[in-house]
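This report concerns only the one structure given below.
The values are calculated or read from the model by the stated rules, or taken from the named source; none is laboratory data. Values in this document were obtained by computation on a predicted structure and should not be read as measured data. Backbone-built Cβ (ideal geometry, glycine too); neighbour counts: all protein chains shown. With ligands, DNA and RNA removed, areas are computed over all heavy atoms of the protein, side chains included. Shrake-Rupley method; radii C 1.70, N 1.55, O 1.52, S 1.80 Å.
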Amino acid sequence: MYCIKRVKEDLLWVGANDRRLAMFEGVYSVPRGVSYNAYLLLDEKTVLFDTVDKAVEDRFFENVTEGLNGRTLDYLIIQHMEPDHTAAIPRLADKYPDMKLICNAKTATFLKQFFDFDADARTQIVKEGDTLCTGRHTLQFIMAPMVHWPEVMVTYDSTNQTLFSADAFGAFGALNGAIFADEVDFGRDYMDEARRYYTNIVGKYGAQVQSLFSKLSALDIQAICPLHGFVWRKNLSDILSKHQLWSSYTPEEFGVMIAYASVYGNTENAAEILSARLRDKGIKTVMFDVSVTPASEIIAAAFRWSHLVFASTTYNTGIFVTMEALLNELTNHNIQNRTVALIENGSWAATSGKLMREQFEKCKNITFAGDTLSVKSGLKAEQLAEIDALVDAIRASMPSA
Ligand code: FEO
C-alpha cells in the first residue's frame, strides 16, 4: 500500500524508508534506518526528482502510481547517479515510455555505465543555469560536482523557492511518519545523525560544498528537499549553519575528543586520567574506544570538537590496528584546523606516537599540543606531572584559557 506525504500543494514525497539495512554503502551502520527521498511535482507536466534504492523499489512504485493518479510521468530529473537514488530508473523507463530523463552530460555517461536500456533516446542534457518550465513552475539546474559524486546537480524551483538538494543537507535515520524537520526535535534527536551522515559521506569534499554555498547565496531558499532525511521548511539556518561549519572544517565546540586503542586497559587508563584532569579544569571531554565504536561516530565527533587526543598502543611495530584504520579514514576525510595531542604506549620500542604524528603532519592546519606522552606498559605515578603538562598545553590552546 502506498505511503505518500504532501510537501506542498502540488509536491509529494514518494520515497520510502529502510529500517533493515545493516550497513549503508557497506560501511556505515544505520541503526535508526535511512530514508530514500523522491519527490513528485504535479504541474502541467509531471516531474519526478530522483528514485530510490532497490531495497524499497516496490513501495516507491506504489507511491508514484498513486501520486500520479492516472497521469503519465513526463520528466525524471536525475540529480545524482549513486544507485541508492537510481536503482528504479530502468523499471521506471519501462513503465513510462514517454518519460524524458533530465540530467547533465556526466550523468548521461554514468547512466550508460550502470544500465543497458537505451537512455540516449530519451535524455535531455542540461548544464549550469539551464531552466525547465513545467507549467507554473520553473526549475533551474545548478551543478554541484563532488557533493558527493562528480555528476551531482541540485535543482531550484524558483516558483516556490524550493531547493532539491540531492545529497546535501541530508541525514541518516528513517522518517517515522513525519516529513518536516520542524515536526520533530531535530537538534536533540537527529543532529548527531545529520553530522554523521555529512562528515562520513561528504566530509572529504568541504571545498566543493563551500562552492555550492556560494552559488546558493544568490537564491531565496524557503524549503530544502534532500535525498535523505527531513524536508526543511522552517529554521533553515539550523541545518545550513552546521553545514557551513562542517564544510569549512570549523569546530562546532571547544572541547576534547579522546579516542584510544588499548589492548589490556593500560592505554585506556592513561586516556581516562587525562580526561578526568581536563574535566577538573572545566574542559568538556568525550571518549571513544576505537575498537568498539564505529569509526563513523568518531569521525563525526572529530568534526564537532576543537581538540583531538589519540592514544594508541604500539602493535606489530606500528599503530594499533583499529587506531590505524581510524586515522587513515579521518585523514582521508580531510580533517583539518584542529589541535591534536598524542599518547603512545609500548612495552618495548614504542613507535605509535611518532607514526600518529606523521599521519597528522599530512593534514592542513594541525597544531600539536604538548609533547607526545609515552607510556611504557602502564602509567606510573611520576608521570602524572606529564599528564598535567598535557592538560595545561591543551588548556592553553583553548581561547578561554
Ligand atoms: Fe545517497 Fe551519494 O547518495
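Data for the structure
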{"quantity": "Where labels lie 7 Å past Cα in the beta-carbon direction, separation of Ser237 and Arg136 in nm", "calculated": "3.0 nm"}
{"quantity": "Among the listed pairs Lys204/Lys284; Lys204/Lys234; Lys284/Lys354; Lys100/Lys127; Lys8/Lys234, those beyond 18 Å (Cα-Cα)", "calculated": "Lys204/Lys284; Lys204/Lys234; Lys284/Lys354"}
{"quantity": "Residue-count net charge about Leu274 - beta-carbon cut-off 15 Å; Lys, Arg +1, Asp, Glu -1", "calculated": "-3"}
{"quantity": "Solvent-accessible area of Ser374 with every protein chain in place, 1.4 Å probe, in Å² to the nearest 10", "calculated": "50 Å²"}
{"quantity": "Max mean-square fluctuation residue, GNM over the chain, Cα-Cα springs under 10 Å, options Gly70, Gly370, Gly203", "calculated": "Gly70"}
{"quantity": "Sites matching trypsin sites (Lys or Arg not before Pro) across the range 213-308 that sit in DSSP coil, with at most 12 neighbouring C-beta atoms within 10 Å", "calculated": "Lys234"}
{"quantity": "Carbon + sulfur, % of accessible area of the chain - ligands and nucleic acids excluded, 1.4 Å", "calculated": "48 percent"}
{"quantity": "Over the range 147-263, relative contact order from alpha-carbon pairs under 8 Å, at least 6 apart, %", "calculated": "34 percent"}
{"quantity": "Sparse-neighbour loop sites [trypsin sites (Lys or Arg not before Pro); the range 33-111; at most 13 other C-beta within 10 Å; DSSP]", "calculated": "Arg71"}
{"quantity": "Computed label-point distance, nm, for sites Ile221 and Glu44 using a 7 Å Cα→Cβ extension", "calculated": "2.9 nm"}
{"quantity": "Chain lengthening between Phe114 and Arg6 when straightened (0.36 nm per residue, less Cα-Cα)", "calculated": "35.7 nm"}
{"quantity": "Qualifying chymotrypsin sites (Phe, Trp or Tyr not before Pro) in the range 335-385, DSSP loop, other Cβ atoms within 10 Å at most 16", "calculated": "Trp348"}
{"quantity": "Selected from Thr109, Leu245, Gln161, residue furthest toward positive end of dipole (the chain; charges at beta carbon)", "calculated": "Leu245"}
{"quantity": "Fraction in percent of alpha-carbon pairs per bin - 10 Å, the range 4-48", "calculated": "26, 36, 24, 13, 1"}
{"quantity": "Computed over the chain: relative contact order in percent, which uses C-alpha pairs under 8 Å that are six or more apart", "calculated": "11 percent"}
{"quantity": "Rounded to whole Å, sorted largest first: equivalent-ellipsoid semi-axes of the chain, Cα gyration tensor", "calculated": "46, 20, 18"}
{"quantity": "Projected area averaged over orientations for the range 122-273, convex hull of C-alpha atoms, nm²", "calculated": "12.6 nm²"}
{"quantity": "Candidates Asn104, Asn365, Asn17, ranked by Gaussian network fluctuation over the chain, Cα under 10 Å, top entry", "calculated": "Asn365"}
{"quantity": "Spin-label model distance (nm) - Gln161 vs Gln124, 7 Å beyond Cα toward Cβ", "calculated": "2.7 nm"}
